[in-house]
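Chemist: Structure incoming, see below.
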Amino acid sequence: MLDETTRDRLAQEALQNREKAYVPYSGFAVGAALLAENGRIYGGANIENAAFGPTNCAERTALFSAVFAGERHFAAIAVAGGKAGNPISDFCAPCGVCRQVMREFCGPDFEIFLVGPHSVRRYTLSELLPESFGPDDLR
């Protein structure tokens, strides 16, 4: 379990990364901050596309960037989302696709922090993706 200082740092970075979102269609900006087990933090923001299908979520942007950099072991991620140009007003949970991508690289105790307007909620991957299908199922 992460200490409060690290959790708060991830939450702040997720909020900052949210400002980098490209959301001309939905106007819903999401930022993520992914903590690798070695302490390095990878950022991500959602990037939309006019065809919608090629749109990429903030969580996957962060995960794919980290994996491309050679990381394979992760401790936690913070996610902050809401209407672009406005302060966040509610919690924003990862979509199902992002949860499945997390499952590829993260264990059941991987921590997911949802950044709200006045607090941060903590979940584990197993809480947000129970009875998951992952790499072990293919061995």
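No lab work stands behind these numbers, since they all come straight from the coordinates. Just so it is clear, the model here is predicted, and its values are computed rather than measured. Ideal geometry is used to build each Cβ from the backbone, glycine not excepted, and the neighbour counts take in all protein chains shown.
Chemist: If you go through the range 54-68, how many residues are under 19 Å from A36 (Cβ atoms), of a type outside the set (D, E, K, R) and touching a strand residue (DSSP E or B) at 6+ places or on another chain (Cβ under 7 Å)? Before you say what the answer is, go through the steps one by one.
Modeler: Applying the first criterion (under 19 Å from A36 (Cβ atoms)) to the range 54-68 yields 57-68.
This time we only want the ones that are of a type outside the set (D, E, K, R), so: 57-58, 61-68.
From what's left, touching a strand residue (DSSP E or B) at 6+ places or on another chain (Cβ under 7 Å): 57-58, 61-63, 65-66.
Count: 7.
Chemist: While we're on this one: Pull out all pairs, ordered by first then second residue, where Cβ-Cβ is under 8 Å, the residues are six or more apart or on different chains, the first lies in the range 76-98 and is more than 26 Å from G134 (Cβ to Cβ), and the second is assigned to a strand (DSSP E or B) and of a type in the set (D, E, K, R).
Modeler: S89/K83
Chemist: Follow-up. Search the range 37-50 for residues being farther than 24 Å from R7 by Cα and in contact (Cβ under 8 Å) with a residue 24 or more places away in the chain, and hand back the single one that is surrounded by the most Cβ atoms within 10 Å (Cβ to Cβ).
Modeler: Once the filter is applied, the top-ranked residue is E48.
Chemist: Would you check if there is a residue in the range 72-91 being more than 19 Å from L2 (Cα to Cα) and touching a Leu at 6+ places or on another chain (Cβ under 7 Å)?
Modeler: yes
Chemist: So which residues in the range 17-26 are over 17 Å from L114 (Cβ atoms) and either touching a residue at least 60 places away in the same chain (Cβ under 8 Å) or touching a strand residue (DSSP E or B) at 6+ places or on another chain (Cβ under 6 Å) (or both), if there are any at all?
Modeler: K20, Y22, V23
Chemist: Yes or no: F28 under 26 Å from D8 (Cβ atoms) and either of a type in the set (A, V, I, L, M) or crowded, with 17+ Cβ neighbours inside 10 Å (or both)?
Modeler: Values: under 26 Å from D8 (Cβ atoms): yes; either of a type in the set (A, V, I, L, M) or crowded, with 17+ Cβ neighbours inside 10 Å (or both): no.
When the stated conditions are applied, F28 does not pass them.
Chemist: Looking only at the range 15-30, count every residue that is farther than 12 Å from K83 by Cα and within 10 Å of the chain's Cα centre (by Cα) and tell me the total.
Modeler: Of the residues in the range 15-30, 0 are farther than 12 Å from K83 by Cα and within 10 Å of the chain's Cα centre (by Cα).
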